[in-house]
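A short worksheet on the structure shown next.
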Amino acid sequence: MSIIISLDKCSAISPHCVVKIMQGGKLPKGGGIWSIENEIKPSDLYCYLYAKFGPPNGLQNLFRQDDSDNLIHWDWTLGHELGLIMILGLNMRTEVHLLGNFDFPRCNKEAFISSIKNDLGNYGKAISKFRCEHLENWDIFINPYRQLNDTVEQFITELSELDLNPKKENLQNPTSPANYSNFMDKMNKLMERYNKGIGLAISLRIMLPILAETFINLLIFILCRPDIRNNKRLFDSYFKENIDVRIQSLHIKCSGFATPIDWNSEQCKKYNSIVNQRNDLLHGNIAVEKLKFSEIFFNGKVPVFKQYETMWQQSVGVSINASGVGSVKQLQEDIQEFIEYVLSCLESDAKGHVEFILAKRDIGRNRENGRLGILLPDYLVDFGVSYIQNG
């Protein structure tokens with residue numbers, strides 16, 4: 001027959017008493033741990049425990065740092081006729097630790113959860129009051145700049161690891177039929193590497209200008225003046241303006257700028273050039289002068305070559321030049337210099353604030369007042385503990 005553990009038979013005890021109980025050797029060392037994920041919402045459980053027992057009273061509350069970067073965020077330790085019940089809020093689950101004379105294999109986890117759900121209604125008003133007065137409601141969203149920048153860095157690394165060297169690896173045509181088979185083997189292996197590199201280079205040429213635009217949009221999102229931010233039509237229309245207009249009006253529509261952006265600066269000129277190249281690629285523009293890779297004469301239908309090129313030059317060589325494999329690293333540096341230039345136009349406090357947010361994976365926004373914040377560390381840590389019941 002299963003044993004039903006109910007919190008109705010529990011009471012909150014002071015941390016001092018918990019220490020005395022655990023150090024006094026009077027507590028049997030049996031028990032076990034239940035793991036609860038979303039069988040009951042952690043926020044509902046937190047508010048319920050607060051309404052029923054008051055603030056968290058467990059020892060783990062003494063060890064936590066005053067921020068969100070903790071292994072255990074809250075701890076209620078409750079006295080029960082059989083021992084202690086510790087309810088711990090972790091990053092990925094709630095743990096219920098039964099410490100004492102509990103016949104743990106017979107204790108019913110589902111019944112324990114059901115008893116809490118059934119008791120929620122008895123504290124409905126207190127829970128609603130606590131949630132309204134003490135809990136801030138935040139949305140967590142992905143930082144698009146950080147996400148895209150991580151992808152760019154990954155692609156740059158993969159491209160570098162391919163170690164492409166078109167000049168050094170330029171294959172000459174086979175000099176005899178006997179050499180043809182060996183030539184094709186080398187050609188196929190090289191093409192496999194170079195085709196991957198070409199794909200990475202084209203992707204990077206598209207992504208790098210987007211990275212800069214994402215940076216500008218996030219900058220606007222962080223620093224936009226309240227009178228514009230709070231006017232949905234003005235705020236939305238700002239993001240719809242051409243990117244050069246958005247950039248040149250940053251000091252007008254955003255707070256924290258010490259100097260305007262000089263669109264004639266070398267960094268902005270390079271960025272604008274990269275954007276134009278990206279647009280040709282992205283929209284499939286047929287710009288012959290940019291796409292041209294060779295010239296030829298024709299006498300009627302007779303081709304008269306201006307110069308002969310190898311099979312390598314006419315296949316992989318053409319794709320290498322068109323994809324811009326050799327210029328991708330420089331493009332990345334130019335984009336980074338543009339971003340650093342825009343940041344240099346900010347006042348020091350605003351610059352530090354923006355750089356801090358740019359580096360974070362997740363960003364939070366308060367639903368009530370729109371305030372931005374970093375709510376959680378980039379990496380959530382988990383751990384496990386087990387108790388062995390005395391036999």
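Of the residues Glu192, Glu169, Glu133, which is surrounded by fewer than 17 Cβ atoms within 10 Å (Cβ to Cβ) and either touching a Pro at 6+ places or on another chain (Cβ under 6 Å) or part of a loop (DSSP other than H, G, I, E, B) (or both)?
Values: Glu192 fails: either touching a Pro at 6+ places or on another chain (Cβ under 6 Å) or part of a loop (DSSP other than H, G, I, E, B) (or both); Glu133 fails: either touching a Pro at 6+ places or on another chain (Cβ under 6 Å) or part of a loop (DSSP other than H, G, I, E, B) (or both).
Just one listed residue meets the conditions, Glu169.
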Test of understanding: among Ile363, Ile374, Ile335, Ile339, which residue is of a type outside the set (Lys, Arg) and touching a Pro at 6+ places or on another chain (Cβ under 9 Å)?
Ile335
Subset of region 239-261 that is in contact with a Cys (Cβ under 7 Å, 6 or more places away or on another chain) and free of Cβ contacts under 8 Å to residues at least 40 places away in the same chain - its residue that is surrounded by the fewest Cβ atoms within 10 Å (Cβ to Cβ)
Lys253
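Matching residues to (1) crowded, with 17+ Cβ neighbours inside 10 Å; (2) part of a loop (DSSP other than H, G, I, E, B):
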{"position": "Cys17", "(1), (2)": "no, no"}
{"position": "Cys47", "(1), (2)": "yes, no"}
{"position": "Leu62", "(1), (2)": "no, no"}
{"position": "Gln65", "(1), (2)": "no, yes"}
{"position": "Ser68", "(1), (2)": "no, yes"}
Name the single residue, out of those in region 223-238 being part of a helix (DSSP H, G or I) and either among the small types (Gly, Ala, Ser) or in contact with a strand residue (DSSP E or B) (Cβ under 8 Å, 6 or more places away or on another chain) (or both), that is surrounded by the most Cβ atoms within 10 Å (Cβ to Cβ).
Tyr238
Checking Ile87 against (1) more than 27 Å from the chain's Cα centre (by Cα); (2) within 22 Å of Phe130 (Cα to Cα); (3) modelled with pLDDT under 95; (4) not in a helix (DSSP H, G or I), only one condition comes out false. Which one?
(3)
Residue among Ile220, Ile127, Ile156, Ile116 that alone is open to solvent by less than 40 Å² (accessible area, probe 1.4 Å) and without any contact (Cβ under 8 Å) to a residue 40 or more places away in the chain
Ile220
Of all residues in region 22-41 being open to solvent by 60 Å² or more (accessible area, probe 1.4 Å) and either of a type in the set (A, V, I, L, M, F, W, C) or part of a helix (DSSP H, G or I) (or both), which is nearest to Leu78 (Cα to Cα)?
Met22
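The values are calculated or read from the model by the stated rules, or taken from the named source; none is laboratory data. Please read all numbers here as calculations on a predicted model, not as lab measurements. For neighbour counting, all protein chains shown are included, and Cβ atoms are generated from backbone atoms with ideal geometry for every residue, glycine included. Areas reflect the complete protein model, heavy atoms only, side chains present, ligands, DNA and RNA absent. Shrake-Rupley method; radii C 1.70, N 1.55, O 1.52, S 1.80 Å.
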